[in-house]
Amino acid sequence: MIITIDGPAAAGKSTAARMLAARLGFRYLDTGAMYRAAALAAIRAGIDWKDASQLEPLADRIHLAWQGSRLFLDGEDVTDAIRSPDVTEATRFVADSPKLREKMAELQREIGLSCDLVTEGRDQGSLVFPHAECKFFLTADPRERAKRRVADYAAQGKPLAWEDVLQAIVERDRADASRPVGALRRPPDAVEINTDGLTVEEVVAKMEGIVREKQAKPSRSRCG
Ligand code: DC
């Protein structure tokens, strides 16, 4: 079974997706991390990541591989390095490259071929897995999302101003929605969950209930 979770930045997708996957015994795929790794590769290669023609060759050159929850770029574990604000900023430009998106989608589908999957991103239900058995779309008010992001960073000892985070989130929403390929869209058959005022446990419980209902209906079985 493929479960897709899409939605804007900081809507609580990652934590919910990870928890849902653990409860179901499915593999969890963080597709944002893959775009972040490509952005890190662009930064390291000194590429002008605002120039699409410079990004295209990168798509053929980089090698991404997951080992459990760790992501490797050309053999190096970059799981932590891809979380820096510089990488976050570059990623939304890098994610505009159609060539790179094609490569990422291919990799994601390959992973989905072999296992039951909870996959999280922007285009998973709309473009990468249009036939997924279960689709979710998580939303939350941008002000609430900024508040959560500030709390996440504060927990890591990195104080950020709420206004700056809110502005960055609004900017990323705009970029995510207006990308020519792989733009953030709610698939018509996705269940939308507004996470405002809900704890992550409540969000996961809601999703798990829907998945279990689908699982109870007869369908093809796949590896766990
Ligand atoms: O979910 P995240 O913040 O780690 O995503 C990082 C960036 O990658 C963000 O700018 C949106 C982009 N992204 C994308 O374009 N498509 C995806 N499937 C996942 C993320």
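For the stretch 101-158 versus the stretch 182-200, the inter-centroid distance based on Cα atoms is 10 Å.
A straight line joining the Cα centroids of the stretch 13-31 and the stretch 72-94 runs 20 Å. Size descriptor for the stretch 118-190, Kirkwood hydrodynamic radius: 13.8 Å (Cα pairs only, one decimal). Using the Cα gyration tensor of the stretch 88-209, with a ≥ b ≥ c the square roots of its eigenvalues, what is the shape: rounded (a/c below 1.5), prolate (a/b larger than b/c) or oblate (neither)? Since a/c reaches 1.5 but b/c is at least a/b, the shape of the stretch 88-209 is classed as oblate.
When all alpha-carbon pairs of the stretch 148-224 are counted, what percent fall beyond 19 Å? Kindly include the intermediate steps, with their values, before the conclusion.
Values: 1862 of 2926 pairs.
Value for the stretch 148-224: 64 percent of Cα pairs lie more than 19 Å apart.
With a 1.4 Å probe rolled over the protein heavy atoms of all chains, the accessible area of D74, D123 falls in the order D74, D123, largest first. Judged by the ratio a/c of the largest to the smallest principal axis of the C-alpha gyration tensor, the stretch 49-137 counts as prolate, that ratio being 1.5 or greater while a/b is larger than b/c. Quick one: pull the percentage of alpha-carbon pairs in the chain with a separation above 32 Å. Here the long-distance tail beyond 32 Å is 15 percent of all Cα pairs in the chain.
Think of a 1.4 Å ball rolled over the protein heavy atoms: the chain then has 49 Å² of accessible area per residue. Rounded to the nearest percent, how much of the accessible area of the stretch 1-109 (1.4 Å probe, protein heavy atoms only) is carbon and sulfur? Percent of accessible area from carbon and sulfur atoms in the stretch 1-109: 51.
For the stretch 1-64, the spread of Cα coordinates along the three principal axes comes to 41, 23, 17 Å, biggest extent given first. When Rg and the Kirkwood radius Rh are both evaluated on Cα atoms of the stretch 68-107, their ratio Rg/Rh stands at 1.00.
The values are calculated or read from the model by the stated rules, or taken from the named source; none is laboratory data. As the structure is a computational prediction, the values presented were derived from the model and not from experiment. Areas reflect the complete protein model, heavy atoms only, side chains present, ligands, DNA and RNA absent. Shrake-Rupley method; radii C 1.70, N 1.55, O 1.52, S 1.80 Å.
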